[in-house]
Structure formats: C-alpha cells, structure tokens
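Peer 1: I have a structure I would like to understand better, so I am pasting it below and will then ask my questions one at a time.
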Amino acid sequence: MPTYETLPRFTRDLEHLTPEQHRRFRRTVAAFVNDLRTGRFRPGLRVKRVQRAAGIYELTWSMGTGPAGRATFEYGAEVHPGAPHVIWRRIGTHDILTGP
C-alpha cells in the first residue's frame, strides 16, 4: 500500500479549495493510488515532471468550471519496502507551478 505525507504548504493550499474541488481531488487521488500500485499512470491523470524542478511531478485533473486542478508531489524514501511514498507539495491551479 503506498504511503504519503503532506508539506505544510500543501495543507494551506488545500484549505483554499471549495468542497467540490476537494471532492474531485479525492476522486483523482483514488485513481492515482491504484495506478501507483500498478506502476503505470493512466493518461487521464496527466502525471508528468515539472519543468525546471528536479524530482517534482504534477498531477492534473478537471475541477469542473474554471482552470484545471493541479497537485505537485515528489517521491520520498519508502516507509514500507516496495511501496512508493508520495510527498504532496502544492495543490491548486496552474499558479502553483511558480513554486512547486
């Protein structure tokens, strides 16, 4: 089972999402966790490296009306052998990429 932690900035960003944006993120994370288990991300999650930020990735999804939702993350040291450990860094819109 993959493990995770959140940075304080992610937690602050999360507080600014609407309840609908929270719901969409939770649904996206469920798919993300399933894909972590298989080692292959489905195209709809749009997981890719953040340019000019070594080791940082972004996950993009629809937040309904308005700009797409994004969350940045990195991989940390495994907590359980063989299980990926994700460190969530930021969440919001494209604007978070200025300080991923």
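Peer 1: Could you tell me whether R52 is over 13 Å from the mean Cα position of the chain (by Cα) and at positive phi?
Peer 2: yes
Peer 1: Working only within segment 28-60, note down all residues that are farther than 19 Å from E78 by Cβ, open to solvent by 70 Å² or more (accessible area, probe 1.4 Å) and not aliphatic (A, V, I, L, M).
Peer 2: R42, P43, R46, K48, R49, Q51, R52
Peer 1: State whether the residues of segment 14-24 include one that is touching a residue at least 12 places away in the same chain (Cβ under 8 Å), surrounded by 18 or more Cβ atoms within 10 Å (Cβ to Cβ) and not basic (K, R).
Peer 2: Scanning segment 14-24 turns up at least one residue that is touching a residue at least 12 places away in the same chain (Cβ under 8 Å), surrounded by 18 or more Cβ atoms within 10 Å (Cβ to Cβ) and not basic (K, R).
Peer 1: Just wondering, is there one or more residues in segment 73-81 that are out of contact with any Leu (no Cβ under 8 Å at 6 or more places or on another chain), within 17 Å of T98 (Cα to Cα), free of Cβ contacts under 8 Å to residues at least 12 places away in the same chain and of a type in the set (A, V, I, L, M)?
Peer 2: no
Peer 1: While we're on this one: Return yes when A68 is at pLDDT below 90 and hydrophobic (A, V, I, L, M, F, W, C) and no when it is not.
Peer 2: Yes; evaluated as a whole, the condition is true for this residue.
Peer 1: Could you list, in sequence order, the residues of segment 61-86 that are buried (at least 18 other Cβ atoms within 10 Å of the Cβ), among the aliphatic types (A, V, I, L, M) and closer than 19 Å to P2 by Cβ?
Peer 2: Within segment 61-86, A71, V86 qualify.
Peer 1: Say we look at segment 87-98 and pick out the residues that are open to solvent by 20 Å² or more (accessible area, probe 1.4 Å) and not hydroxyl-bearing (S, T, Y); which of these is modelled with the lowest pLDDT?
Peer 2: For segment 87-98, the residue satisfying everything is L97.
The values are calculated or read from the model by the stated rules, or taken from the named source; none is laboratory data. Keep in mind that what you see is a predicted model, and the values were worked out from it rather than measured. So basically every Cβ, Gly included, is an ideal-geometry build from the backbone, and we count neighbours across all protein chains shown. We work out accessible area using only protein heavy atoms, side chains counted, and drop any ligands, DNA or RNA first. Shrake-Rupley method; radii C 1.70, N 1.55, O 1.52, S 1.80 Å.
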